[in-house]
Amino acid sequence: MKNLLVTGGCGFIGANFIRFMLALPGFQGRIINVDKLTYAGNPESLEGVEAAYGDRYHFIQADICDQNAMAEAFDRFGIDSICHFAAESHVDRSIVGPEDFVETNVLGTFRLLELARERKDRIVRFHHISTDEVYGSLDNTGVFREDTPYDPSSPYSASKAGSDHLVRAYGRTYGLPITISNCSNNYGPYQFPEKLIPLMILNAFNGEPLPVYGDGRNIRDWLYVEDHCRAVWTILSYGQPGETYNVGGQGEMRNKEVVYAICDIVDEVAPKSDGKKSRALITFVEDRPGHDYRYAIDSGKIQKELGWTALESFESGLRKTILWYRDNAEWVRHVQSDEYRQWIQSHYRL
């Protein structure tokens with residue numbers, strides 16, 4: 001891989017992946033970051049990267065649905081591999097406005113696949129990042145495996161399921177060297193604070209309500225973002241074309257337990273001057289439609305076949321994440337616009 005196209009590289013996972021890759025001794029190639037810069041794409045998440053790595057990093061502001069712009073990027077930089085992160089990814093927003101999710105996640109993936117197919121002679125890997133949400137919901141038992149039937153519940157997960165099927169079909173029909181990874185919930189630095197963990201961290205710092213859906217008993221598996229980046233690099237390097245790999249953090253917890261853990265660490269590292277505890281800020285709000293009860297990932301395949309395993313426990317990763325948000329107030333201030341605050345308040349009816 002000499003010229004790696006990373007889509008959505010200014011987003012949460014994409015930005016962490018670019019930083020991880022450029023600092024990795026085993027990768028000496030060039031990264032071309034294409035990002036549309038929607039509300040969740042933030043160039044500040046890659047501040048200093050161009051200065052540090054020079055010609056090994058290039059940024060292009062473009063929409064992956066724009067076939068002409070993407071074709072120019074493919075040919076200008078001689079793209080030989082693709083790591084496809086770009087997606088609309090917030091379940092709540094997909095319920096309110098599903099069209100953007102179909103447009104970006106399905107049509108955008110199709111555009112990239114077509115461009116790669118037309119240049120198949122030089123493409124060594126097309127890796128597609130997906131989610132465990134395509135599998136639907138579990139009860140108190142069982143786990144998602146690579147052969148678990150798809151059963152998406154939200155417009156977001158349905159759009160990701162559609163893109164997964166397209167990627168897999170292009171591998172089988174056209175011989176494109178594809179791989180797919182389905183990961184559990186990521187958390188860590190640079191995550192836009194509409195998702196559970198950064199929202200709770202920042203609201204706890206600010207003494208604002210901590211909105212938790214329903215009774216907070218829904219269960220998710222949590223994966224620290226750097227562990228996910230290592231998994232993606234491992235698949236790019238050693239994964240077998242045509243294969244899917246599930247990536248989980250073995251951090252299965254109820255949502256309310258996650259919030260309790262955040263409150264306790266925040267109170268430790270940034271105690272309030274009035275002595276009040278963050279748990280008192282927890283506010284249970286009306287559950288969202290179609291809220292899946294439980295996700296749990298079996299990562300046995302990537303562990304056994306490729307030797308990857310998560311290094312961070314949930315507690316260690318969460319502490320690192322909270323300290324990062326505490327110590328990067330300027331980044332936080334820039335992403336918390338008035339529009340963002342209004343959306344949070346109206347959405348959770350605070």
**Message:** I need the full set of residues from the stretch 109-122 which are assigned to a helix (DSSP H, G or I) and either without any contact (Cβ under 8 Å) to a residue 60 or more places away in the chain or surrounded by fewer than 16 Cβ atoms within 10 Å (Cβ to Cβ) (or both), in order please.
**Reply:** Thr109, Phe110, Arg111, Glu114, Leu115, Arg117, Glu118
**Prompt:** Take the residues of the stretch 324-340 that are under 18 Å from Leu196 (Cβ atoms) and among the hydroxyl-bearing types (Ser, Thr, Tyr): which is surrounded by the fewest Cβ atoms within 10 Å (Cβ to Cβ)?
**Reply:** Tyr340
**Prompt:** Given the structure, is Gly251 of a type in the set (Gly, Ala, Ser), within 23 Å of the chain's Cα centre (by Cα) and buried (at least 19 other Cβ atoms within 10 Å of the Cβ)?
**Reply:** yes
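A quick yes/no check of all residues on (1) surrounded by fewer than 19 Cβ atoms within 10 Å (Cβ to Cβ); (2) farther than 30 Å from Asp80 by Cα:
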{"site": "Gly214", "(1), (2)": "yes, yes"}
{"site": "Arg220", "(1), (2)": "no, yes"}
{"site": "Ile235", "(1), (2)": "no, no"}
{"site": "Tyr238", "(1), (2)": "yes, no"}
{"site": "Pro241", "(1), (2)": "yes, no"}
{"site": "Asn246", "(1), (2)": "no, no"}
**Item:** Selected residue (criterion: farthest from Gln250 (Cα to Cα)) from residues of the stretch 156-175 that are surrounded by 21 or more Cβ atoms within 10 Å (Cβ to Cβ) and in contact with a Leu (Cβ under 8 Å, 6 or more places away or on another chain)
**Value:** Tyr170
**Request:** Restrict the check to the stretch 237-258 and report whether at least one residue is of a type in the set (Val, Ile, Thr) and under 28 Å from Gly171 (Cα atoms).
**Result:** yes
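Take Gly41 and decide whether it is out of contact with any Gly (no Cβ under 8 Å at 6 or more places or on another chain) and not acidic (Asp, Glu).
Criteria not met by Gly41.
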**Request:** Working carefully through the options Val49, Val102, Val106, find the one that is touching a strand residue (DSSP E or B) at 6+ places or on another chain (Cβ under 8 Å), at pLDDT 95 or above and surrounded by fewer than 23 Cβ atoms within 10 Å (Cβ to Cβ).
**Result:** Val49
**Residue pairs meeting the criteria (Cβ under 8 Å; at least 6 apart or on separate chains; first closer than 19 Å to Glu194 by Cβ, in the stretch 91-108; second among the hydroxyl-bearing types (Ser, Thr, Tyr) and outside any helix (DSSP H, G or I))** = Val91/Ser154; Ser94/Ser154; Ile95/Ser154
**Asked** Are there any helices (runs of 4 or more DSSP H) wholly within the stretch 1-105 with 3 or more residues that are in contact with a helix residue (DSSP H, G or I) (Cβ under 7 Å, 6 or more places away or on another chain), and if so which?
**Response** 12-22, 67-76, 91-96
**Item:** Enumeration of residues in the stretch 341-350 that are surrounded by 11 or more Cβ atoms within 10 Å (Cβ to Cβ) and not aromatic (Phe, Trp, Tyr)
**Value:** Arg341, Ile344, Gln345, His347, Leu350
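Looking at the structure I just gave you, is Ile201 surrounded by 20 or more Cβ atoms within 10 Å (Cβ to Cβ), over 14 Å from the mean Cα position of the chain (by Cα) and under 14 Å from Trp324 (Cβ atoms)?
Yes, satisfied.
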**Asked** Among the residues of the stretch 125-176 satisfying the criterion of being free of Cβ contacts under 8 Å to residues at least 12 places away in the same chain and part of a loop (DSSP other than H, G, I, E, B), which is farthest from Lys304 (Cα to Cα)?
**Response** Thr141
**Prompt:** Which of the residues spanning the stretch 312-350 are among the polar types (S, T, N, Q), in a helix (DSSP H, G or I) and over 18 Å from the mean Cα position of the chain (by Cα)?
**Reply:** Ser316, Gln342, Gln345, Ser346
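Restricting to the stretch 59-93, count the residues that are among the hydroxyl-bearing types (Ser, Thr, Tyr) and at pLDDT below 95.
Matching residues across the stretch 59-93 total 1.
Would it be correct to say that Thr321 is modelled with pLDDT of 95 or more and either surrounded by 16 or more Cβ atoms within 10 Å (Cβ to Cβ) or over 30 Å from Arg145 (Cβ atoms) (or both)?
It is true that Thr321 is modelled with pLDDT of 95 or more and either surrounded by 16 or more Cβ atoms within 10 Å (Cβ to Cβ) or over 30 Å from Arg145 (Cβ atoms) (or both).
The values are calculated or read from the model by the stated rules, or taken from the named source; none is laboratory data. From a predicted model like this one, the values you see are computed outputs, not experimental measurements. Methodologically, a virtual Cβ is constructed for each residue, glycine included, from the backbone with ideal geometry; neighbour enumeration extends over all protein chains shown.
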